[in-house]
Structure formats: structure tokens, C-alpha cells
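Contents: one structure, followed by commentary.
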Amino acid sequence: MTATNDFIPTTPYTHNIEKGIFQWSAPSNIALVKYWGKRDDLGHQIPANPSISFTLNNCKTITSVAFEKKVNQDNWSFDLLFEGQPKEEFKPKIQKFLERIAPYMPFLKDYHFTINTQNTFPHSSGIASSASGMAALAMNFMSIEKELHPEMTEEYFYQKASFLARLGSGSACRSIKGNLVVWGNQENIEGSSNLFGVPFSGKVHSVFENYQDTILLVDKGEKQVSSTVGHDLMHNHPFAERRFEQAHENIDQLIPIFETGDLEAFIKIVESEALTLHAMMMTSMPYFILMKPNTLQIINTIWKFRKETNIPVCFTLDAGANVHVLYPEHTKEKVLQFIKNELVGYCQNGQYLCDQIGFGAATL
Ligand code: DP6
């Protein structure tokens, strides 16, 4: 088993690099079994239960990191650009990320970094960019570390990237690789870890190939509850322990479902997970309702369409009002038509994003 200390370099770096630049893209991901709740007693960003997600393909962050040796090595120094323009508001988050990863990346104070980041999805679309953003950043820092220590194995490179991304934002650790990623200790998934995400190694039926995710933008406003506050609500939550057990059970049940391609069973778990996530928020203290009337309209319309057509389309939700519509590739034409005819009216300014399952971070 890998432990936190395994990601602290034990020998000095073998190479000396003056400057350079890397660029990586990393996608967003959508959880099928949700991460909601942290075990703060076990360390930073340790999930209270395991989760599993589809890595997405089109919704991604593209980040370059230029680095140059500096004289004063007492503290970090970096500039942050968003779409080429300085963005002071984003700096504290990056500063915190650097502080968190510093024990594992001893070179950080040796360089000045220029971080330039952009998203492929519209700004303020209500889609969180923390998963893709932290994953893209982690990949760049790993590329720098690999220059300093080229002997590093590929396995270590990706595991540590996921480990670092997790310290930035928990779900980001599931955005390094594709196309189904497990994060969190799960007894019968070999190699699963609380420290980083691992690609699901079980058999996966061809019906899940190119699985589609159309994201309906119901409410593009600022998040009502930040994920940090949200996760905290699971402390002393009356249903927490049972919920954490349920996540394990749901992942267990998904293993044979992925193999057989039983979409009816798949849908039951995925939709139940989405509603359970929101049920946790509705039953915490303080309590929140993050769905909007249109979220419910969409859910009911999907249920009606599924019943009438037998097309295996379902929904899942994040900690917000937007709806992810999930369906197999072979139903794409019919479902897109359905979305255009019956669901677009519930989206803010008729906006939605078409995505599908993808393969993780890529160097550019
Ligand atoms: C509802 O990963 O955003 O999307 O670790 O505090 O950054 P932090 O939280 P974050 O939480 C994601 C919660 C979720 C479910 C999921 O993606 O599993």
C-alpha cells in the first residue's frame, strides 16, 4: 500500500534545470457514486467514502506553467493569468495549493512560476472548474519534477499527479486518468486508495464506450454552498454513517453492472446517488436546497421520456442545480432531439454542453 510519505522525494534531484515551460489539459469529471464528506481526522482531503466517476472529454482546463530559477528561495513566487490576463482573485487558491503540496515538491521555492490557465467551457456556466483546474496544475508540476528527476516511473508520475490534485480539490484526483476512476479505499477494488484516484480495472461493457453526458445549465449563478462548507455538513450529520456505508455498497453493485452493461440497474444506482447527495444537504444543519424548480421539471421529463420510449437515459447532479443527462452513444440522436424538444426550455438562456466519457489529462 502506498502511504503519504511515499510521495516525498527521499534523494536530491539528479538534474538541474534553469527554466522551461509545460502545458497540460485536464478534463472535468462527473461522479456516479458521490464523494460527500471528509475524514479530517485522517489528514488533508481524505474522503469519508469511496467514489467513482466518468472522466469527461470536452469540458476541460488548459494550463501552462513557465518556470525560471530565482535568487531568493525563501518563499514562493508566481503570477497567475486567466485567459492571458492577470487574475488576482484566483491567487489565494493557488497559494493554498502550493502550501499544501510543498512538502512533496521540494523544488517549489527555487523557481518563479507563471501560470496561465483557461477553460473550454464558458466562464460562470455554473460548472466547477476546480477539478479540471487542479488536475491540470498538478500535471504541470509533475512534469517539472520529472525534468529534475527523469528516473521517475510513469506509474509514480500519474499517481503522484492525482495525489497532488487531490490536495487542491478532492474530486480533481479523478481527472488525471480516464475513463472510469475510483477514489477511496474500497475493499474489493485492488489498488484503490484514499490518497489518489485509480482507473477502474474491472471489465466494462461496450455500452459504456463513448457514454454521453449532456450538461443542462439550469442555474449559472454563484454556488450557494461551497464544496468545503458542503463536505463539512457531513460532520455530525444524523445519516452520515449509513450514507458512507451505502456508497461502498453502491460501488460494489456497480462492479458487475459495468461488466454486464445492465443499464436498468446502472440507472437506479446513479439516480439514487444524485438524489441522496441532495438529500444529505436537505437534512443537514444548516440545510440547503440546491435544486431549482427547473431541475425537478427536467428530472420528471426524463422519467416520462424513459418510460414512454424505453431509452436508457438518466440524470445525475452535482452540488448544484445543473443536470447531467447520461446516455449510451447509440441513443445519441434520439436523446439529443428529446433534449432540444423538451429540456432546453428549462435551461438558463437555453444553454447546455455536450460531453462524453474521456481519457484524462493530456500534454500539449
Ligand atoms: C458533489 O472535490 O469540489 O461534486 O475536496 O472540497 O474541493 P473539495 O470538494 P470537491 O467536491 C465534489 C463533490 C461532488 C461529488 C463528487 O464529485 O464526487
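The values are calculated or read from the model by the stated rules, or taken from the named source; none is laboratory data. In this text, all values refer to a predicted model and were calculated from it rather than measured experimentally. Positions of Cβ are backbone-derived with ideal geometry, glycine not excepted, and every protein chain shown enters the neighbour counts. Calculation scope for accessible area: heavy atoms of the full protein, side chains included, ligands and nucleic acids excluded. Shrake-Rupley method; radii C 1.70, N 1.55, O 1.52, S 1.80 Å.
Would the stretch 63-70 turn up any residue that is in a loop (DSSP other than H, G, I, E, B) and either free of Cβ contacts under 8 Å to residues at least 60 places away in the same chain or assigned by TED's automatic domain parsing to the domain that holds Met280 (or both)? Give the steps one after another, and end with the answer.
First pass over the stretch 63-70, keeping only residues in a loop (DSSP other than H, G, I, E, B): 70.
This time we only want the ones that are either free of Cβ contacts under 8 Å to residues at least 60 places away in the same chain or assigned by TED's automatic domain parsing to the domain that holds Met280 (or both), so: 70.
Yes, the stretch 63-70 contains at least one residue that is in a loop (DSSP other than H, G, I, E, B) and either free of Cβ contacts under 8 Å to residues at least 60 places away in the same chain or assigned by TED's automatic domain parsing to the domain that holds Met280 (or both).
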* Asked: Hey, Gln159 hits all of (1) within 13 Å of the ligand (Cβ to nearest atom); (2) of a type in the set (S, T, N, Q); (3) within 19 Å of Met142 (Cα to Cα) but one; which does it fall short on?
  -> (1)
* Among the residues listed as Thr301, Thr295, Thr228, the single one being part of a helix (DSSP H, G or I), among the hydroxyl-bearing types (Ser, Thr, Tyr) and surrounded by fewer than 14 Cβ atoms within 10 Å (Cβ to Cβ) -> Thr228
* Structure fact -> Matching residues in the stretch 181-202 (more than 13 Å from the ligand (Cβ to nearest atom) and not in a loop (DSSP other than H, G, I, E, B)) number 2
* Just a yes or no: is a residue in the stretch 233-248 assigned to a loop (DSSP other than H, G, I, E, B), of a type outside the set (A, V, I, L, M), within 20 Å of Leu290 (Cβ to Cβ) and under 17 Å from the mean Cα position of the chain (by Cα)? -> no
* Could you tell me whether the stretch 34-57 includes any residue that is in contact with a helix residue (DSSP H, G or I) (Cβ under 7 Å, 6 or more places away or on another chain), open to solvent by 50 Å² or more (accessible area, probe 1.4 Å) and either in the same structural domain as Glu245 (by TED's automatic domain parsing) or in a strand (DSSP E or B) (or both)? => no
* Asked: Is there any pair linking a residue in the stretch 95-107 that is basic (Lys, Arg) to one that is outside any helix (DSSP H, G or I), with Cβ under 7 Å and at least six apart or on different chains, and which?
  -> Arg100/His44
